[in-house]
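Visitor: Below you will find the structure I want to go over with you.
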Amino acid sequence: MIRLLLILAVAAVIFWVFAVVDVAVQPATRHRGVSKPLWVVIVIVFPVIGGVLWLAIGRGSARQQGVVAPDDDPEFLSRLGGGSPRRVQTDHRVQADQDERIRQLEQELARLDDDDDPPAGPHRER
């Protein structure tokens, strides 16, 4: 019987520590009912009951806060499709500069390939 009580006491302490840490690290926007400091006091003063109350009542989920993934957010998606005309003009200018640089590099590479290379056979120096 003493072993069972000892195991339950250890489990209660572990649960209490978990609840205190969970209350402390949650952002204030995810607390329901009362403020964050009051939840910390409740969980510390009433170890097991406070932890159960925190998990049942006080801990709000991220889904309830209206968090929307970027691919489901119409505002985010509208910003992806089009930009301001000035930005589009700048993007075209950057693309044209990159195309010009690539063309120059291709010409330089072709010129280097056209240079007279020494024969591929074995070389003997006399």
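Visitor: Taking interchain pairs and intrachain pairs at least six residues apart, which have beta carbon atoms under 8 angstrom, with the first residue in the range 16-30 and closer than 13 Å to residue 58 by Cβ and the second assigned to a helix (DSSP H, G or I) and of a type in the set (Val, Ile, Thr)?
Guide: 19/43; 20/40; 20/43; 20/44; 23/40; 23/43; 24/40
Visitor: Here's another thing I want to ask about it. In the list 37, 27, which residue meets the criterion of being open to solvent by 80 Å² or more (accessible area, probe 1.4 Å) and modelled with pLDDT under 90?
Guide: Details: 27 fails: open to solvent by 80 Å² or more (accessible area, probe 1.4 Å).
Only one candidate qualifies: 37.
The values are calculated or read from the model by the stated rules, or taken from the named source; none is laboratory data. Treat the numbers as computed from the prediction; the structure is a model and nothing was measured. We place every Cβ from the backbone using ideal geometry, glycine too, and count neighbours over all the protein chains shown. These area figures cover heavy atoms from the full protein model, side chains too; ligands, DNA and RNA do not enter into them. Shrake-Rupley method; radii C 1.70, N 1.55, O 1.52, S 1.80 Å.
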